[in-house]
Amino acid sequence: MKRTILIHPDPRLKKVCAPVADVTDDLRKLADDMLETMYDAPGIGLAAPQIGVLDRLIVLDCVKEENETPRPLVMFNPQVLASSDDTNVYEEGCLSIPDQYAEVTRPKTVEVEWLDRNGAVQRETFDGLWATCVQHEIDHLDGKLFIDYLKPLKRQMITRKMQKLKRERARA
Ligand code: ZN
């Protein structure tokens with residue numbers, strides 16, 4: 001089932017999410033809903049707080065080429081174990097901040113540990129777009145948005161645009 005994506009500013013996007021104690025059928029269903037919502041948007045990552053659920057759960061798939069096999073990843077309690085000193089700059093966007101993009105600098109590679117949909121511990125080192133995406137999504141679980149890395153003026157400008165967008169949507 002497709003879920004509604006919250007638009008910034010929203011207090012639920014600023015919350016620190018709670019770890020998942022056990023990967024239950026309900027949580028697996030939630031992850032499936034999130035993947036469906038992400039692909040439909042379309043986007044390459046989605047965090048549970050973006051649909052108003054304050055659990056530490058993210059989904060991502062950074063395979064972009066039409067002819068490549070999709071790689072949907074579901075991560076419960078994802079944690080960055082190590083980050084490279086090397087950095088990468090990507091123009092980031094966010095499904096909760098539609099049509100706004102800005103360059104963000106982050107570690108180029110990160111080693112991440114998480115629980116998969118069967119509750120098994122997984123560990124992998126991500127690079128390139130995958131590394132940026134997984135860091136962006138984990139930030140969501142700590143109430144952090146990519147615009148928090150920007151200068152205050154730029155951040156305020158984007159926030160005002162989003163407030164206007166929300167007013168327009170509420171009226172429609
Ligand atoms: Zn985002």
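The values are calculated or read from the model by the stated rules, or taken from the named source; none is laboratory data. Given the structure is predicted, the values throughout are model-derived calculations rather than measurements. Every residue, glycine as well, gets a Cβ built from its backbone with ideal geometry; the counts of neighbours run over all protein chains shown. Heavy atoms of the whole protein, side chains included, go into the accessibility calculation; ligands, DNA and RNA do not. Shrake-Rupley method; radii C 1.70, N 1.55, O 1.52, S 1.80 Å.
Scanning region 20-54 for residues that are touching a Phe, Trp or Tyr at 6+ places or on another chain (Cβ under 8 Å) and in a loop (DSSP other than H, G, I, E, B) gives VAL20, VAL23. Listed by position, the strands (runs of 3 or more DSSP E) inside region 55-172 whose residues that are away from the ligand (no atom under 16 Å from the Cβ) and surrounded by 13 or more Cβ atoms within 10 Å (Cβ to Cβ) number at least 1 are 73-83, 87-94, 97-107, 109-115, 121-127. Of the numbered criteria (1) in contact (Cβ under 8 Å) with a residue 60 or more places away in the chain; (2) surrounded by 12 or more Cβ atoms within 10 Å (Cβ to Cβ), the one ASP22 fails is (2). Determine, yes or no, whether VAL121 is of a type in the set (Val, Ile, Thr), over 18 Å from the mean Cα position of the chain (by Cα), modelled with pLDDT of 95 or more and farther than 21 Å from GLU36 by Cβ. In short, yes. Restricting attention to region 25-54, the residues that are within 15 Å of the ligand (Cβ to nearest atom) and either open to solvent by less than 10 Å² (accessible area, probe 1.4 Å) or among the small types (Gly, Ala, Ser) (or both) add up to 12.
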